[in-house]
Protein chains: 4
Amino acid sequence: MIKAKVIGAGGYGGVGITELLLGHSQADLACLVDVADIGAPISKLYPHLIGFCDMPIVGADDPQAQEPADVVFMATPDGIGMQLAPAELAAGAKVIDYSGDFRFNSPESYAEYATRIGRDPRHASPELLPQSVYGLAELHRPELNSKTRIVGNPGCFAVSCILGLAPAVKHRLIRLNSIICDCKTGVSGAGKKPAAGFHYPARYDHMNVYKLAGHQHVCEIERELGLLAGDSLQIAFTAQVVPVCRGIMSSLYGELADGISPADVADAYREFYREQRFVRLFDRDADVGSVHVRGTNYCNLIVDMDARTNKLRVIAHIDNLVKGQAGSALQNMNLLFGLPETTGLDQPSRYP
Amino acid sequence: MIKAKVIGAGGYGGVGITELLLGHSQADLACLVDVADIGAPISKLYPHLIGFCDMPIVGADDPQAQEPADVVFMATPDGIGMQLAPAELAAGAKVIDYSGDFRFNSPESYAEYATRIGRDPRHASPELLPQSVYGLAELHRPELNSKTRIVGNPGCFAVSCILGLAPAVKHRLIRLNSIICDCKTGVSGAGKKPAAGFHYPARYDHMNVYKLAGHQHVCEIERELGLLAGDSLQIAFTAQVVPVCRGIMSSLYGELADGISPADVADAYREFYREQRFVRLFDRDADVGSVHVRGTNYCNLIVDMDARTNKLRVIAHIDNLVKGQAGSALQNMNLLFGLPETTGLDQPSRYP
Amino acid sequence: MIKAKVIGAGGYGGVGITELLLGHSQADLACLVDVADIGAPISKLYPHLIGFCDMPIVGADDPQAQEPADVVFMATPDGIGMQLAPAELAAGAKVIDYSGDFRFNSPESYAEYATRIGRDPRHASPELLPQSVYGLAELHRPELNSKTRIVGNPGCFAVSCILGLAPAVKHRLIRLNSIICDCKTGVSGAGKKPAAGFHYPARYDHMNVYKLAGHQHVCEIERELGLLAGDSLQIAFTAQVVPVCRGIMSSLYGELADGISPADVADAYREFYREQRFVRLFDRDADVGSVHVRGTNYCNLIVDMDARTNKLRVIAHIDNLVKGQAGSALQNMNLLFGLPETTGLDQPSRYP
Amino acid sequence: MIKAKVIGAGGYGGVGITELLLGHSQADLACLVDVADIGAPISKLYPHLIGFCDMPIVGADDPQAQEPADVVFMATPDGIGMQLAPAELAAGAKVIDYSGDFRFNSPESYAEYATRIGRDPRHASPELLPQSVYGLAELHRPELNSKTRIVGNPGCFAVSCILGLAPAVKHRLIRLNSIICDCKTGVSGAGKKPAAGFHYPARYDHMNVYKLAGHQHVCEIERELGLLAGDSLQIAFTAQVVPVCRGIMSSLYGELADGISPADVADAYREFYREQRFVRLFDRDADVGSVHVRGTNYCNLIVDMDARTNKLRVIAHIDNLVKGQAGSALQNMNLLFGLPETTGLDQPSRYP
């Protein structure tokens, strides 16, 4: 059995991977680490886990936290993983980090990201960057294997935008610099910490844009799509919050290149995702939305062309906490340990 | 493998047992039957099932629907199961019926129920009633075994009230005729069919009482509690809807009998539920609510005494679609086939 | 024009009276006082007020806050009003306080309240208590007049329970010590400050009980009903939160006294509320709920008898922020200034 | 007093104008007409109106419905207004129609619209079209005056898109054929009739796109923007539903023309809306969203430029049932009767 440690276990990202690991046939939870609620069973924080997981949360300096693990999930904000990763790797663990720390595999690309989001451009462990892999299996599966030691798990918005646009930019179905990503997220994307904007009375009947000046996921979207296209590109991106708990709905637009037919588009997407278990394709008549991926690792793509205005339009749906976070992390773990990619991710969710 | 047929597969009760059977290691879905959407894959009605279950819905007269099954789940309204059960039983299947048709195991008690809810007091298959078992395992486990052929799966409100009050009435901790059940349900309890009262704009910020003149679950609560108490009793019952999707929160009150101490109450509940995997007990300081049982087969009971007013107060939480419906049905199936009671019901839900 | 000052203007209680005063033909907002956001226009905190009220919030020591007002609304927590009231009264203002500070008009009754909720039993301005009036006009209208200087505005749950039970206890339709108040509130009742239990992802699909050990509104309910009954009484009270924004639904139960008929009940309620513009009576068949009082000063009462169990059952609906707070405060102001009681409260709300 | 008749009074559009007229100082409700619920007081359908408006709904052939009115609000679907308008006009009333029937003031433009949405291209009262005015006061105020007899009240999405883009297209800040309108609506936009997609359990945690093949509001947006631009144009438009009750949030994008500076954009919008009481302008740092226009006739515009990608980005917020429907209708009535435009629309809403 794979021994898994979760750092940042008390947040939504931590409980998400905890839930998934509890249902995984080849992995065991070894340790739950956090800086708060130390000593409390995880089921005290999350009473739905009573009887399923009553393991206490321990501090980073607890002996239990020092014991070697096979994989460490760092459900921590930017700046933590880059400090903790070297010791974990030295102890023999593989590291899957949720933050932006390992999404860029060169000091230069990291510095550009950090600068854009107002952080120190110097990475604390720059020597690790070349080994890190951007953890979106649909693009980087060959690099996600038993030799991989560090994964930069992707941002939730980024997953939806990259999966929605990858075939189009790879095959240059659209003009690279015409891309608009109009993205709506559920409130769980903001994490567990209460704040004025997520207080129920202020949030329940409310939708709004935020971070118009720039969202931190833009960098990785541009980088990954640029790598696919073989050219740099820039996207217009709008982040919005709507009162659902889980779910991202990204409406993605691009101007079609000359002579692109509906069949070209359909073929490109079908081909690109032929072997991808967690991507489903739909056409414009499909009646699917965010709830149909809720609680699962699927990305549902509605691929459409607006002939009147010569635009590609793709609607991407994911669960921000699963395919957008813990689910991708588990999918990456499966790949790193040579397991079937769907292990622990192969159950439908509950509806309604 | 147990071959399972679901009748009424297209409703919330049908999709609920379908989801659970997909995750059950010892059962296979054999057939999905309904009167509407015939020919459509269940995943067309419920796109979250795409790739997990694309089995088409068939009509009752379809050859596939005629093939013998080991168990038939009748996710059908009152009056259907009593007509279909004889043929299914004759073909060798066990029948688990969701409606009130088999919750009363004598023609007399059925007639009383039917009369109170305004239905024909004559049962279509009265000869089957004595064999039927009220499907609440926490009370009737000894009768739920490999010889059982018919189960009357309990009503959702009834599950919460009976589990919340059973120890109290059995041990006469409270005066039998002082019971008040103040019950709130999520909207999914009303089923899949759209109606004015469940239209999102009318429902989203709204709570209200309904059926003040009498709710159909009162009969079975009074009957089951009366059997436990060894005496007849009558309850005051108020049904309410609040804008959650899943969940029942029943606040249950009774006047304490003379000389009952907090320890008496705590002991009685602890003892009664000692071996019951799906009932969790809490005291008044616990911070648990409906979301902590959402998607699971658990019943969470907060057991409290109000010394000032000499009252027992129990708050019962269940998921109306799981422990209140499909989960209990699966639990009953497990018992009827000699499987561990928790098979297919042993995974935590997702939070938030 | 009545010059009105609001202390605690930045909270939900403050913005509630601000909204109402903006629509009041005989009153003007003179000053908005708070301890936070000083200098910011109220419309910065509450952008729905842009263009309607852009008055800045000032601190208590601001010269503007020192200017005399005709009425001061203290939308402040327990313990503030009792300190500030003397100066306001001395300056000639009438005081309407939202907290428990002036709901009890003797040092003894205040001390009992304070003790039960764990506060210092000594009132900071005990000499004012005999002049204070409990601000529920339906019970105390004769005392709410131009001579009244201090009003203790009632608690939100208390309004619903007292209005729902007043005719029954006054006419002894029920046994006094049999009362159960099962109360559900919307989330806005918790105020504006973010907290874990009101964080949207934790709250949106969740219902739960809280403060089972005792809620601060119980004292005033028992006191006011006791005064009406001419005898002391004790109630069982359960506070619950459900995911609506505004609204209280209180299900109120009592054992009927001997020989009480449905007509007795109906007559008592009709008579009691004959002249009360803000109370509407309904019978069990009415399809009304919380949304039908949302945004208004109405209390809707469904008055019902359960003959089987010999119980009175009343369902009381109010908007916790209007009749349960700012609306009652404005109603009280109208009475204190000799205005028609409905001034500024006579517009329907928006639906849906 | 203006005597107002409402046809289609029982729907959300009807109750919306009813609520507004009840608060209007210069107009009286004369008659509520509908095809269903005849004889029932409007307050039976909408209990929040009890005591405010208990007028019964009458059929179109009721004598009361025949009495002359000064203004008729036709809160009816496409195809009704064009049949009823001639008689109302002949009787001396002005007509404000909610549907697409009078949004196009020539038979040719109407035919194009009707064809695109699959209706008969022949208008039932083509002679009236040249007199009709598109009822968006911010664009057509000079034509909305005492001589105006017919108003085609605008579509809800159209209001948000046109107001959001009008200054940009008028001043050619953007390339005309680069426009993308990514629009999200609350559920009330679908009206009062229950349907599977708006059933609470299916809707509450769900967001989705719909009508990708073409939405009926596109025609009027293209027409009105084209008239402003002095050239025809085509827009890409995506309709989405999110689980709020009221509100439209439209994210509007266009490629900036050469040499357009942020100041050019800001100036154009400020100038265009200088005298417009119901449009508020914000920059990218503003924390405003749908709830801040809820229940009011305001349109809030966040005007932003994305220099990196050379795009104009405008976020438009309205209440779909007020500025998107009944509020605009009342604003139009005010103009047609020479009243101040804000009469009956000058109160803030309630928050939270």
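The values are calculated or read from the model by the stated rules, or taken from the named source; none is laboratory data. From a predicted model like this one, the values you see are computed outputs, not experimental measurements. Glycine gets a Cβ as well: all are built from the backbone with ideal geometry, and neighbour counts include every protein chain shown. Ligands, DNA and RNA are excluded from the accessible area calculation, which covers all protein heavy atoms including side chains. Shrake-Rupley method; radii C 1.70, N 1.55, O 1.52, S 1.80 Å.
Checking the structure you have, find out if any residue of the stretch D:65-80 is under 26 Å from the mean Cα position of the chain (by Cα), under 16 Å from D:Thr148 (Cα atoms) and open to solvent by 40 Å² or more (accessible area, probe 1.4 Å).
Yes; the residues of the stretch D:65-80 include at least one that is under 26 Å from the mean Cα position of the chain (by Cα), under 16 Å from D:Thr148 (Cα atoms) and open to solvent by 40 Å² or more (accessible area, probe 1.4 Å).
Against the definition (away from every other protein chain (no Cβ under 14 Å) and either in contact with a His (Cβ under 9 Å, 6 or more places away or on another chain) or farther than 23 Å from A:Tyr298 by Cα (or both)), how does A:Ala158 come out, yes or no? Walk me through how you get there before you give the answer.
Values: away from every other protein chain (no Cβ under 14 Å): yes; either in contact with a His (Cβ under 9 Å, 6 or more places away or on another chain) or farther than 23 Å from A:Tyr298 by Cα (or both): yes.
Here the answer is yes, as A:Ala158 does meet what is asked.
Can you find even one residue in the stretch D:203-226 that is without any contact (Cβ under 8 Å) to a residue 60 or more places away in the chain, among the β-branched types (Val, Ile, Thr) and either more than 25 Å from D:Tyr269 (Cβ to Cβ) or open to solvent by 10 Å² or more (accessible area, probe 1.4 Å) (or both)? Spell out the reasoning first.
As a first pass, look at the stretch D:203-226 and keep what is without any contact (Cβ under 8 Å) to a residue 60 or more places away in the chain: D:203-213, D:215, D:222, D:226.
Restricting the remaining residues to those that are among the β-branched types (Val, Ile, Thr) gives D:209.
After this cut, where a residue has to be either more than 25 Å from D:Tyr269 (Cβ to Cβ) or open to solvent by 10 Å² or more (accessible area, probe 1.4 Å) (or both) as well, the list is D:209.
Scanning the stretch D:203-226, I find at least one residue that is without any contact (Cβ under 8 Å) to a residue 60 or more places away in the chain, among the β-branched types (Val, Ile, Thr) and either more than 25 Å from D:Tyr269 (Cβ to Cβ) or open to solvent by 10 Å² or more (accessible area, probe 1.4 Å) (or both), so the answer is yes.
Here is a list: C:Pro154, C:Pro142. Which entry is buried (at least 20 other Cβ atoms within 10 Å of the Cβ) and over 30 Å from B:Arg350 (Cα atoms)?
Working: C:Pro142 fails: buried (at least 20 other Cβ atoms within 10 Å of the Cβ).
Just a single option satisfies the conditions, and that option is C:Pro154.
One line per residue, one yes/no per condition, for (1) modelled with pLDDT under 95; (2) farther than 20 Å from B:Gly13 by Cα; (3) not basic (Lys, Arg):
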{"position": "B:Asn177", "(1), (2), (3)": "yes, yes, yes"}
{"position": "B:Pro194", "(1), (2), (3)": "no, no, yes"}
{"position": "B:Tyr200", "(1), (2), (3)": "no, yes, yes"}
{"position": "B:Arg203", "(1), (2), (3)": "no, yes, no"}
{"position": "B:Leu212", "(1), (2), (3)": "no, yes, yes"}
{"position": "B:Val218", "(1), (2), (3)": "no, yes, yes"}
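Going by what's in this entry, would A:Ser188 be described as more than 9 Å from chain D (Cβ to nearest Cβ), open to solvent by less than 10 Å² (accessible area, probe 1.4 Å) and within 16 Å of A:Val314 (Cα to Cα)? Quick ask: steps written out before the conclusion?
Values: more than 9 Å from chain D (Cβ to nearest Cβ): yes; open to solvent by less than 10 Å² (accessible area, probe 1.4 Å): yes; within 16 Å of A:Val314 (Cα to Cα): no.
No; evaluated as a whole, the condition is false for this residue.
Farther than 26 Å from D:Gln331 by Cβ and either modelled with pLDDT under 95 or part of a loop (DSSP other than H, G, I, E, B) (or both): is that true of D:Asp258 in this structure?
Working: farther than 26 Å from D:Gln331 by Cβ: yes; either modelled with pLDDT under 95 or part of a loop (DSSP other than H, G, I, E, B) (or both): yes.
Answer is yes for this residue.
What is the residue count in the stretch A:187-204 for residues that are out of contact with any Phe, Trp or Tyr (no Cβ under 9 Å at 6 or more places or on another chain) and closer than 30 Å to A:Lys94 by Cβ? Can you show your working first?
Initially, the stretch A:187-204 is screened for residues out of contact with any Phe, Trp or Tyr (no Cβ under 9 Å at 6 or more places or on another chain), giving A:193, A:195-196.
So of that shortlist, the ones also closer than 30 Å to A:Lys94 by Cβ come out as A:193.
Count: 1.
So C:Pro167 passes all but one of these: (1) more than 20 Å from B:Thr185 (Cα to Cα); (2) without any contact (Cβ under 8 Å) to a residue 24 or more places away in the chain. Which condition number does it fail?
It is condition (2) that C:Pro167 fails.
Read through the list (1) at pLDDT 95 or above; (2) out of contact with any strand residue (DSSP E or B) (no Cβ under 6 Å at 6 or more places or on another chain); (3) not β-branched (Val, Ile, Thr), then give the number of the only condition that B:Ala307 fails.
Just one mismatch for B:Ala307, condition (1).
What are the residues in the stretch C:255-302 that are within 14 Å of chain B (Cβ to nearest Cβ), under 30 Å from B:Arg175 (Cβ atoms) and among the acidic types (Asp, Glu), if any?
C:Glu255, C:Asp283
Residues to consider are C:Gly16, C:Gly10; find the one that is within 17 Å of C:Ala329 (Cβ to Cβ), buried (at least 19 other Cβ atoms within 10 Å of the Cβ) and in contact with an Asp or Glu (Cβ under 6 Å, 6 or more places away or on another chain).
It is C:Gly10.
Going by the structure shown, is A:Tyr269 touching a helix residue (DSSP H, G or I) at 6+ places or on another chain (Cβ under 8 Å), among the hydroxyl-bearing types (Ser, Thr, Tyr) and surrounded by fewer than 23 Cβ atoms within 10 Å (Cβ to Cβ)? Please lay out each step first, then the result.
Details: touching a helix residue (DSSP H, G or I) at 6+ places or on another chain (Cβ under 8 Å): yes; among the hydroxyl-bearing types (Ser, Thr, Tyr): yes; surrounded by fewer than 23 Cβ atoms within 10 Å (Cβ to Cβ): yes.
So A:Tyr269 passes the test.
Answer yes or no as to whether A:Ala30 is surrounded by 17 or more Cβ atoms within 10 Å (Cβ to Cβ) and touching a residue at least 60 places away in the same chain (Cβ under 8 Å).
On the way: surrounded by 17 or more Cβ atoms within 10 Å (Cβ to Cβ): yes; touching a residue at least 60 places away in the same chain (Cβ under 8 Å): no.
Against the criterion (surrounded by 17 or more Cβ atoms within 10 Å (Cβ to Cβ) and touching a residue at least 60 places away in the same chain (Cβ under 8 Å)), A:Ala30 does not qualify.
Against the condition surrounded by 23 or more Cβ atoms within 10 Å (Cβ to Cβ) and out of contact with any Leu (no Cβ under 7 Å at 6 or more places or on another chain), how does A:Asp120 come out, does it pass? Talk me through it step by step, then tell me what you get.
Working: surrounded by 23 or more Cβ atoms within 10 Å (Cβ to Cβ): no; out of contact with any Leu (no Cβ under 7 Å at 6 or more places or on another chain): yes.
No; evaluated as a whole, the condition is false for this residue.
From the list C:Ala239, C:Ala229, which residue is more than 7 Å from every other protein chain (Cβ to nearest Cβ), over 30 Å from C:His206 (Cα atoms) and buried (at least 18 other Cβ atoms within 10 Å of the Cβ)?
Working: C:Ala239 fails: over 30 Å from C:His206 (Cα atoms).
So the residue among C:Ala239, C:Ala229 that is more than 7 Å from every other protein chain (Cβ to nearest Cβ), over 30 Å from C:His206 (Cα atoms) and buried (at least 18 other Cβ atoms within 10 Å of the Cβ) is C:Ala229.
Restricting the search to the stretch C:191-212, which residues are among the aromatic types (Phe, Trp, Tyr) and within 7 Å of another protein chain (Cβ to nearest Cβ)? Break it down stepwise before answering.
The initial filter retains those residues of the stretch C:191-212 that are among the aromatic types (Phe, Trp, Tyr), namely C:198, C:200, C:204, C:210.
Across the stretch C:191-212, the qualifying residues are C:Phe198, C:Tyr200, C:Tyr204.
On the given criteria, is A:Asp61 in contact (Cβ under 8 Å) with a residue 12 or more places away in the chain and open to solvent by 10 Å² or more (accessible area, probe 1.4 Å)? It would help to see each step written out before you state the result.
Details: in contact (Cβ under 8 Å) with a residue 12 or more places away in the chain: no; open to solvent by 10 Å² or more (accessible area, probe 1.4 Å): yes.
No, not satisfied.
Quick check on this structure: which one of C:Arg116, C:Arg122 is modelled with pLDDT under 95 and over 16 Å from C:Gly8 (Cβ atoms)?
Values: C:Arg122 fails: modelled with pLDDT under 95.
Sole residue among the options that is modelled with pLDDT under 95 and over 16 Å from C:Gly8 (Cβ atoms): C:Arg116.
Within the stretch D:242-254, restricting attention to residues that are at the interface with another protein chain (Cβ under 8 Å from one of its Cβ atoms) and in a strand (DSSP E or B), which residue is nearest to the chain's Cα centre (by Cα)? Quick ask: steps written out before the conclusion?
Here is the first cut: in the stretch D:242-254, the ones at the interface with another protein chain (Cβ under 8 Å from one of its Cβ atoms) are D:242-247, D:249, D:251, D:253.
Narrowing further to those that are in a strand (DSSP E or B): D:249, D:251, D:253.
Values: D:Met249: 14, D:Ser251: 17, D:Tyr253: 21 Å.
Among those that are at the interface with another protein chain (Cβ under 8 Å from one of its Cβ atoms) and in a strand (DSSP E or B), it is D:Met249.
Could we say that A:Leu165 is surrounded by 22 or more Cβ atoms within 10 Å (Cβ to Cβ) and farther than 19 Å from A:Asp319 by Cα here?
On the way: surrounded by 22 or more Cβ atoms within 10 Å (Cβ to Cβ): yes; farther than 19 Å from A:Asp319 by Cα: no.
Answer is no for this residue.
Considering only residues that are within 7 Å of chain B (Cβ to nearest Cβ) and open to solvent by less than 20 Å² (accessible area, probe 1.4 Å), look in the stretch C:303-330 and name the one that is farthest from D:Tyr46 (Cα to Cα). Talk me through it step by step, then tell me what you get.
Restricting attention to the stretch C:303-330, the residues satisfying the condition of being within 7 Å of chain B (Cβ to nearest Cβ) are C:304, C:306, C:308-309, C:311, C:313, C:315.
With the extra rule that they be open to solvent by less than 20 Å² (accessible area, probe 1.4 Å), the set shrinks to C:304, C:309, C:311, C:313, C:315.
Values: C:Asp304: 22, C:Thr309: 33, C:Lys311: 30, C:Arg313: 24, C:Ile315: 19 Å.
Among residues in the stretch C:303-330 that are within 7 Å of chain B (Cβ to nearest Cβ) and open to solvent by less than 20 Å² (accessible area, probe 1.4 Å), the one farthest from D:Tyr46 (Cα to Cα) is C:Thr309.
Would you mind listing the strands (runs of 3 or more DSSP E) fully within the stretch C:1-106 where at least 3 residues are within 30 Å of D:Arg277 (Cα to Cα), more than 14 Å from chain D (Cβ to nearest Cβ) and modelled with pLDDT of 95 or more?
In the stretch C:1-106, the matching strands (runs of 3 or more DSSP E) lie at C:2-7, C:27-33.
Just for the stretch A:331-352: of the residues that are open to solvent by 10 Å² or more (accessible area, probe 1.4 Å) and without any contact (Cβ under 8 Å) to a residue 60 or more places away in the chain, which one is farthest from A:Asn153 (Cα to Cα)? First the steps, then the outcome.
In the first step, residues of the stretch A:331-352 are kept if they are open to solvent by 10 Å² or more (accessible area, probe 1.4 Å); the result is A:335, A:337-351.
Keeping just the survivors that are without any contact (Cβ under 8 Å) to a residue 60 or more places away in the chain gives A:340, A:346, A:348-350.
On the way: A:Pro340: 18, A:Asp346: 20, A:Pro348: 23, A:Ser349: 23, A:Arg350: 26 Å.
If we take residues in the stretch A:331-352 being open to solvent by 10 Å² or more (accessible area, probe 1.4 Å) and without any contact (Cβ under 8 Å) to a residue 60 or more places away in the chain, then A:Arg350 is farthest from A:Asn153 (Cα to Cα).
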